[in-house]
Structures are given as structure tokens and as C-alpha cells.
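The values are calculated or read from the model by the stated rules, or taken from the named source; none is laboratory data. Bear in mind the structure is a predicted one, so any value in this text is a computation, not a measurement. Neighbour counts run over all protein chains shown; Cβ positions are idealised from the backbone, glycine included.
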Amino acid sequence: MTDHLDWIRLLGLVVLCAPVLLMALMGISSLIGRKLSEPMTAKIFQAAFSIGFIASLAILGLMLANNEEHVVIELGNWVAIDSHTSAHSSSHAHYHFVVKIVFDRLSVPFAILTYMLCGTIGTFAVKYMHREVGYNRFFTLYALFVLGMVMTSLAGTIETLFTGWEMVGLSSALLIAFFHERPAPVRNGLRVWIVYRVSDAALLLAAVVMHHMSGEGDFDRLLGAGPWPEGKAAISGGQALIVGFLLLFAAAGKSALVPFSGWLPRAMEGPTPSSAVFYGALSVHLGAFLLLRVSPILETSIWLSAAVVVLGLTTAVFAYLAGSVQTDIKSALSFASLAQVGIIVAEIGLGFRYIALVHLLGHACLRTLQFVRAPSLLSDYRLLENAMGSRLPSSTGPAWRFIPAPWRPWLYRFALERGYLDAILTDYIAVPFINLFTWFDKQERRWTRFLSGEKTEEANPSAPPAGRIEELP
């Protein structure tokens, strides 16, 4: 083994473990009741993220200098299950879950982007969150988010990716509900968490299907051992269609693609630093990153590629319409970001892998700066309006002039209601789901009382009807 590969593997562990240092120190100090001071938190944060960023840049430099395109670090098996064991044959581990990270043309730029933007926003948050009651809690969750992003970026197996994916979802939902003394952040954080759980279930099911097909979730086995994106998927078109649609469903939930776009403006309830790095830069692009990682599967099925293109373009059009009528700057920026994510997804479906990657990296940097600038921009607009003596004229966007006049009121209402996506998901998915499991619960209780010989309880007339979703005040 050459020296530069040893260095890459060592630096890879540093990249992966840097946010763990911050999270461990912040979490342990909070648990024992001795929270770190704000200056100490800032110093630990800057040290951890500087080490991680420098290590990721060093990996890129070593790979370029030595013409390395695909470096793998295996950290062992989580689980190994024997498919058959007999007296005449040796034990053969058919199902195994491997902890594996990969450095290639996709993972290294995304890891560098994660450290660069999270470090920038974290430095901004050190001052922005000054004297907040949950200062330590914010940076603990922030470190968990960065760890999840790095693990997802470098994942070489579906299990490793799913672990990072879950960390990102959990930290995102908790930071949306950061100001938990108010009902709106908690309600919106719960709404986002529900959407995440649905999409995560699709990703988990895709992992099960991948293990059923090949006995493992190793991307090198499933997508080909060549450097990204030159690998060829080792599955048939029908298998690619099944796995691909599950992965597309997971990507749609994480990146707020249609029909899950309704949660994106709700996520703006969190602090501005988390909104900037989550839904302007990194988390909202995670679905597109997943599609880039599994892009060889898309090439196997033309129907799957067509579905990705249609979903991306539909999301881009919807986000443009909804963003054009928003009245607050953070919601307008979130839909503007979603429109670009839709275009990136369409580029992936069309096979423009490198264009999509460059588009993703550039767009993430731009939106981060815009979200950070949003609070001061509102102050500047107020000063300008006061100087002019009137409100600044608003516009719904240049494309609206091409829409026929009779359609404009309906389309404006459609965009203002954000496509009625929240209402549709609530009335036709959430309520039937709640009704079904309420009925199951009623039957289970009735059967349990019957077996125990108890009398049937009278219905409580003051109880809310089944299927009704109670909104918090």
C-alpha cells in the first residue's frame, strides 16, 4: 500500500470525526450541567471545522496529485448473516452490512462544500445566536447535522448513507422547532419530521430490496466499480425501475420535490443560520445528491430517467409560481432555491451529471449568502421605503405577462395556496391513514376486552371524531 493512500485514509477518518469532537464536547458538557461558555464554544467550533475543512482539501490535493479517482475505506461489518450452513459446506455470509466510506469525484467536492458552508454559517451563528437560551443546544444539533452530511456524502453503502440521512433529518426537524416555547415552530417541525419519515421509509425499503438482489448494499457492487459516474449498474431494467422509484421517492421527500413541497416554507421557522445552511444550501440538495450517487441506475431504465426529468421540471415550475407571490423574503428564497433544485434534478435525469454537480455546488454557495443577507436586507428595504415615502412596487415575475388574463386570478390563487399540496396530503393521505389505524386500535381494544371478559366501554361523547387533525392554537 502506497504512502499517499495511507494518508488519504487517515485524513478521511479526520474528516468524518471532526464534527464528532464538537458534538461530544457540547453534548457531554450539557448533560453534566456544566455548559461551555460562548467563547469556548466558538473556539472548539472553529478548531473542529478548520481541521475537517483542511483535511478534506488535503484529500482532494492528494487525489489530484496521484491521479486517484476512487479510494475506499472499510471500517468493518455491522452485521453478517449466513445464508446457509451445513456439515458439507462452510458458512457463507450472504447478507452483510458494511461501514464504508468512498472518496471520488462526487463525494470529495460535496464534503468540501459541507465544511466550507457549515463553517461560514457557524461563524455567523456564533454572533447571531449570542445570548440565546439554547445556544449550546443549537451548536450540538448543528454538529449532528454536519456529521450526517459528511457521512451521507462519503457513504459507500446504502446503510452508511441511511445513517447519515437520518442524522440530517433529525437535526433539521429539531432545529426547525428550536424556539419550542412558541406553538408554530413545534407544529411545523413535526410536520417536516412526518414528511421525512415517509421518505426515509422509502429509502429503507430500497435498502432492503438492494440486499435482496445482491446480498449487500455496497454501491460498488450495485453501481459498478468504476469511478463516478462511469460505473454500470449490475441489475436489470425491471430491478432498476423498482429500486429507482423508491430512491426517487426518498429524494423527493428530502428535497421538497412535488408533492412534498409544502413543508419547505414551514422550515423557515428555525433560526436564520440553520435555514441558510439547511434549506438554502445543503439539506435541500441532498435528494439531488442521492440521485447523482445512483445515476448508473437511471441509465438502466429510460422510464425512470423520464420520471426524474418530469418530476424535476414540475417542481421547478411549481416553485417559480409559488415563489413569485410570497410576501416574506425567507419563503421567497426557499421557493427560489427549490426551483433550482428542480432544474438540477431534471439535469440528472437527462444524463448531465457533471453539469448538475457544478450547478449544485454553485447554487448552494449563492443561496447561503442570500439567506444570511435576508435579515439585513429587510432593514435596508425599510430605510429605502422611508426615504421614498411609499412602498416599493412589487412584481409577480416576468413570466406572468405571458399568461392569458382570464387565467391569472386562478393561477395567482393556486400559487398563493402553494398548489394546495398540504391540504391534499392531509385530506387524502393523512386522514385516511389515521382513520384506518384508529379502526385497528378500536378492534384491538375490543378483542382484548373480549378475551379478558371485560364489558365494552361506552364511547366518550367528548372525544374528537376519528380522522380529525387538531391544529394547535
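If you scan region 45-56, which residues turn out to be among the aliphatic types (A, V, I, L, M) and crowded, with 19+ Cβ neighbours inside 10 Å? Give the derivation first.
First, the residues of region 45-56 that are among the aliphatic types (A, V, I, L, M): 47-48, 51, 54-55.
Answer for region 45-56, where residues must be among the aliphatic types (A, V, I, L, M) and crowded, with 19+ Cβ neighbours inside 10 Å: Ala48, Ala55.
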Query - Residue that is modelled with the lowest pLDDT, among those in region 181-222 that are over 20 Å from the mean Cα position of the chain (by Cα) and acidic (Asp, Glu) - result: Glu216
Query raised in the report: Out of (1) surrounded by fewer than 24 Cβ atoms within 10 Å (Cβ to Cβ); (2) outside any helix (DSSP H, G or I), the odd one out for Cys365 is which?
Result: (2)
Query - Matching residues, region 133-171, being assigned to a helix (DSSP H, G or I), more than 23 Å from Gln46 (Cα to Cα) and of a type in the set (Gly, Ala, Ser) - result: Gly169
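Does at least one position in region 110-123 carry a residue that is in a loop (DSSP other than H, G, I, E, B) and closer than 28 Å to Gln46 by Cβ? Let's see the steps before the verdict.
Step one: filter region 110-123 for residues in a loop (DSSP other than H, G, I, E, B), giving none.
Scanning region 110-123 turns up no residue that is in a loop (DSSP other than H, G, I, E, B) and closer than 28 Å to Gln46 by Cβ.
Residues checked against (1) hydroxyl-bearing (Ser, Thr, Tyr); (2) assigned by TED's automatic domain parsing to the domain that holds Leu75; (3) closer than 27 Å to Gly12 by Cβ:
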| position | (1), (2), (3) |
| --- | --- |
| Tyr142 | yes, yes, yes |
| Gly148 | no, yes, yes |
| Ile158 | no, yes, yes |
| Thr163 | yes, yes, yes |
| Ser171 | yes, yes, yes |
| Leu174 | no, yes, no |
| Arg182 | no, yes, no |
| Pro185 | no, yes, no |
| Ile194 | no, yes, no |
Query - Scan of region 298-326 for residues that are closer than 20 Å to Asp220 by Cβ and either surrounded by 22 or more Cβ atoms within 10 Å (Cβ to Cβ) or basic (Lys, Arg) (or both), ordered by number - result: Leu298
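Going by the structure shown, is Ser261 of a type in the set (S, T, N, Q), under 22 Å from Val108 (Cβ atoms) and crowded, with 22+ Cβ neighbours inside 10 Å? Steps first, please.
Details: of a type in the set (S, T, N, Q): yes; under 22 Å from Val108 (Cβ atoms): no; crowded, with 22+ Cβ neighbours inside 10 Å: yes.
It is false that Ser261 is of a type in the set (S, T, N, Q), under 22 Å from Val108 (Cβ atoms) and crowded, with 22+ Cβ neighbours inside 10 Å.
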Query raised in the report: Right, Val358: part of a helix (DSSP H, G or I), of a type in the set (A, V, I, L, M) and under 19 Å from Cys118 (Cβ atoms) or not?
Result: no
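Report whether or not Thr140 is out of contact with any His (no Cβ under 7 Å at 6 or more places or on another chain), over 28 Å from Leu25 (Cβ atoms) and surrounded by 19 or more Cβ atoms within 10 Å (Cβ to Cβ).
Working: out of contact with any His (no Cβ under 7 Å at 6 or more places or on another chain): yes; over 28 Å from Leu25 (Cβ atoms): no; surrounded by 19 or more Cβ atoms within 10 Å (Cβ to Cβ): yes.
When the stated conditions are applied, Thr140 does not pass them.
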Report task. Evaluate region 311-326: report whether one residue or more is more than 23 Å from Glu269 (Cα to Cα), aliphatic (A, V, I, L, M) and not assigned by TED's automatic domain parsing to the domain that holds Leu286. Result -> no
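Residues to consider are Leu436, Leu472, Leu384; find the one that is modelled with pLDDT of 85 or more and not assigned by TED's automatic domain parsing to the domain that holds Trp193. First the steps, then the outcome.
Numbers: Leu472 fails: modelled with pLDDT of 85 or more; Leu384 fails: modelled with pLDDT of 85 or more.
After ruling out the rest, the residue left standing is Leu436.
For region 171-212, how many residues meet the condition of being out of contact with any helix residue (DSSP H, G or I) (no Cβ under 7 Å at 6 or more places or on another chain) and either more than 22 Å from Ala80 (Cα to Cα) or small (Gly, Ala, Ser) (or both)? Let's see the steps before the verdict.
Looking only at region 171-212, we keep the residues that are out of contact with any helix residue (DSSP H, G or I) (no Cβ under 7 Å at 6 or more places or on another chain), and these are 181-183, 186-187, 190, 194, 197, 201, 208, 211-212.
Those still in the list that are either more than 22 Å from Ala80 (Cα to Cα) or small (Gly, Ala, Ser) (or both) too: 181-183, 186-187, 190, 194, 197, 201.
Adding up the residues that qualify gives 9.
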**Report entry** Failed item in (1) in a helix (DSSP H, G or I); (2) surrounded by fewer than 21 Cβ atoms within 10 Å (Cβ to Cβ); (3) not small (Gly, Ala, Ser), with Arg34 passing the rest
**Finding:** (1)
Query raised in the report: Could you say whether any residue in region 151-170 is of a type in the set (A, V, I, L, M), surrounded by fewer than 23 Cβ atoms within 10 Å (Cβ to Cβ) and touching a residue at least 24 places away in the same chain (Cβ under 8 Å)?
Result: yes
Requested in this report: Give just the number: which of (1) of a type outside the set (S, T, N, Q); (2) modelled with pLDDT under 70; (3) not in a helix (DSSP H, G or I) does Glu454 not satisfy?
Outcome: (2)
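Return the only residue of Ile59, Ile112, Ile8, Ile81 being closer than 25 Å to Thr160 by Cβ and modelled with pLDDT under 90. It would help to see each step written out before you state the result.
Working: Ile59 fails: modelled with pLDDT under 90; Ile112 fails: modelled with pLDDT under 90; Ile8 fails: modelled with pLDDT under 90.
On inspection, the qualifying residue turns out to be Ile81.
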Report summary line: Scanning region 61-82 for residues that are surrounded by 17 or more Cβ atoms within 10 Å (Cβ to Cβ) and more than 17 Å from Lys100 (Cβ to Cβ) gives Leu62, Met63
**Report entry** Long-range neighbours under 9 Å by Cβ, at least six apart or interchain, first residue touching a residue at least 40 places away in the same chain (Cβ under 8 Å) within region 400-426, second in a helix (DSSP H, G or I) and among the charged types (D, E, K, R)
**Finding:** Trp400/Arg408; Asp422/Arg191; Asp422/Arg266
Requested in this report: Starting from region 263-282, keep only residues that are in the same structural domain as Ile344 (by TED's automatic domain parsing) and over 10 Å from Ser331 (Cβ atoms), then list their pairs with residues that are part of a loop (DSSP other than H, G, I, E, B) and aromatic (Phe, Trp, Tyr) whose Cβ atoms are within a distance under 6 Å, requiring at least 6 positions of separation or different chains.
Outcome: Gly270/Phe178; Pro271/Phe178
Query raised in the report: Does at least one position in region 409-428 carry a residue that is farther than 23 Å from Phe260 by Cβ, assigned to a helix (DSSP H, G or I), of a type outside the set (Phe, Trp, Tyr) and modelled with pLDDT of 80 or more?
Result: yes
